[in-house]
Amino acid sequence: MASQTAVSARSAYRQILRATRVAFSKDDTRVFLAARQEARQNFDNHRREGIDTPMQINHAIEVANILRHNIVQGTRDAADENSKWELNIHDQIERGDNDSIKIAGKNVKVDKPCSA
């Protein structure tokens, strides 16, 4: 039976692979495959369980979340330098409302403590 750490590592690896499928266009196979290869290489480099294994698993989960929610791939026609960029904005992209920009430089009272 596999250890809990091994199960968590496999789960994190699968999350990264799914996130690359969401973040990168299937038309751009070079970037898609490079992202998956980088994930595989990083997991292979940390194959043995060590003291920092839980931190590495946590890092992988955070990378998957960033890929899924914060990375937008832009493409344009390579032949036409004046062509417009088309962005791959999918349903899982995090969309902000820029409220933090509007209050820049002002003293803001936070109603909840940092640990909440």
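The values are calculated or read from the model by the stated rules, or taken from the named source; none is laboratory data. Source: prediction; values computed, not measured. No Cβ is skipped: glycine too gets one built from the backbone with ideal geometry, and neighbour counts run over all protein chains shown. All accessible areas refer to the heavy atoms of the entire protein, side chains included, with ligands and DNA or RNA removed. Shrake-Rupley method; radii C 1.70, N 1.55, O 1.52, S 1.80 Å.
Residues to consider are N107, N88; find the one that is at pLDDT below 85, among the polar types (S, T, N, Q) and closer than 30 Å to D27 by Cβ.
Details: N107 fails: closer than 30 Å to D27 by Cβ.
So the residue among N107, N88 that is at pLDDT below 85, among the polar types (S, T, N, Q) and closer than 30 Å to D27 by Cβ is N88.
Number of residues in region 53-85 that are at pLDDT below 85 and either surrounded by 14 or more Cβ atoms within 10 Å (Cβ to Cβ) or within 15 Å of the chain's Cα centre (by Cα) (or both): the value is 1.
Screening H46 on (1) out of contact with any Phe, Trp or Tyr (no Cβ under 8 Å at 6 or more places or on another chain); (2) within 15 Å of I93 (Cα to Cα); (3) surrounded by 13 or more Cβ atoms within 10 Å (Cβ to Cβ) shows it passes everything except condition (2). Of the listed requirements (1) at pLDDT 90 or above; (2) in contact with a Gly (Cβ under 8 Å, 6 or more places away or on another chain), L33 misses just one: (2).
When the residues of region 8-27 are filtered to those that are open to solvent by less than 40 Å² (accessible area, probe 1.4 Å) and outside any helix (DSSP H, G or I), the one that is modelled with the lowest pLDDT is S25.
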